[in-house]
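The values are calculated or read from the model by the stated rules, or taken from the named source; none is laboratory data. This one's a predicted model, so the numbers in the text were calculated from it and none came from an experiment. Please note: Cβ atoms are built from the backbone with ideal geometry, for glycine as well, and neighbour counts cover all protein chains shown.
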Amino acid sequence: MLVVGVIVGLMNAALGIGGGILMVPALLEFVPGMAPHTAKGTSLFIIIFVAGINAWRQNRGRPVPWDSAGLLAAGSIVGGYSGAWFTDRLSGETVIWIFVGLLGLIVLRLLFSERRAEFVGTAWQRGAMSVGIGLATGVTSGMTGIGGGLVLVPLALLTRIATNERVTGLSNLVMVATSVAAVAVHLRAAPEVNLPLTVGQVSLVVAPWIFLGAQAGSPFGRYINTRLSYTQRRAALAAVIVVVGARMVWRALA
């Protein structure tokens, strides 16, 4: 779990994604007795702390676009709670296939969409777009446990809600709010596993190990983040998604 945490911290700091794309499969693969809903809830719980620390580090000493962050967070809180509530009523296998389907859509969006020119429109239009992206981010996070950064970062870059240089800091800020809303559902949900130190559908026994590993990986991620161009960031996101998606498809079919 420490190794998983290192990779999660690196990905979070470098690409602005919550790490749940790796944590959910890793928890299912390496924790005996783990189940999909609990893997999702545990992933979101860990993301609260990993994203929170990285948000502080990446926004320290820089102007924070609180207007965009607030609107994105508002949409993501509603979406995160709703997505977690909805998938709690689905089977674990269905949750896995939703996860895989989402990854496929994001890859297509990354590979076949060009970055638009800087967004031009009224403040109302920009606000509505921010809320919409936040809502999509939250629903995705609540349904799959990935934190939502995989949706927020590509959409924010494509619509120019955020710049390439500042998108990871913004993404981490919003992920904190998103994950808190979704975890609230999982903490109150009926347990589905018999693991020690499990509250609802959140396993507290593995969280400290992944968190500690993430802190070790974050400095390397921040170093990479400052050197990524838009094209490189997009290619890196697509590569990570394809690898994890293929693994999840194999698991679902097996």
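Assorted remarks:
- Restricting attention to the range 60-98, the residues that are polar (S, T, N, Q) and either surrounded by 18 or more Cβ atoms within 10 Å (Cβ to Cβ) or within 20 Å of LEU152 (Cα to Cα) (or both) total 4.
- Residues in the range 140-171 that are β-branched (Val, Ile, Thr) and either under 20 Å from ARG126 (Cα atoms) or touching a Ser or Thr at 6+ places or on another chain (Cβ under 6 Å) (or both): VAL151, VAL153, THR159, ILE161, THR163, VAL167, THR168.
- Whichever residue in the range 137-173 is among the aliphatic types (A, V, I, L, M), part of a helix (DSSP H, G or I) and in contact with a Gly (Cβ under 7 Å, 6 or more places away or on another chain) and, among such residues, is farthest from VAL95 (Cα to Cα): VAL167
- Matching option when the condition is more than 17 Å from the chain's Cα centre (by Cα), at pLDDT 75 or above and surrounded by fewer than 21 Cβ atoms within 10 Å (Cβ to Cβ), among ALA117, ALA128: ALA128
- Filtering the range 179-212 to residues that are part of a helix (DSSP H, G or I), crowded, with 22+ Cβ neighbours inside 10 Å and of a type outside the set (A, V, I, L, M, F, W, C) leaves SER179, HIS186.
- A Cβ distance below 6 Å, combined with a sequence gap of six or more or placement on separate chains, defines the contacts here; from the range 145-163, residues that are over 15 Å from LEU108 (Cα atoms) and among the hydrophobic types (A, V, I, L, M, F, W, C) reach residues that are modelled with pLDDT under 75 and surrounded by 24 or more Cβ atoms within 10 Å (Cβ to Cβ) in the pairs ILE146/GLY18; ILE146/GLY20; ILE146/ILE21.
- Checking each residue of the range 224-235 against the condition of being exposed (fewer than 15 other Cβ atoms within 10 Å of the Cβ) and small (Gly, Ala, Ser) gives at least one match.
- Tabulated pairs, the range 28-51, first surrounded by fewer than 24 Cβ atoms within 10 Å (Cβ to Cβ) and among the charged types (D, E, K, R), second in a helix (DSSP H, G or I) and modelled with pLDDT under 85, C-beta under 9 angstrom, 6+ apart or interchain: GLU29/ARG247; GLU29/ARG251
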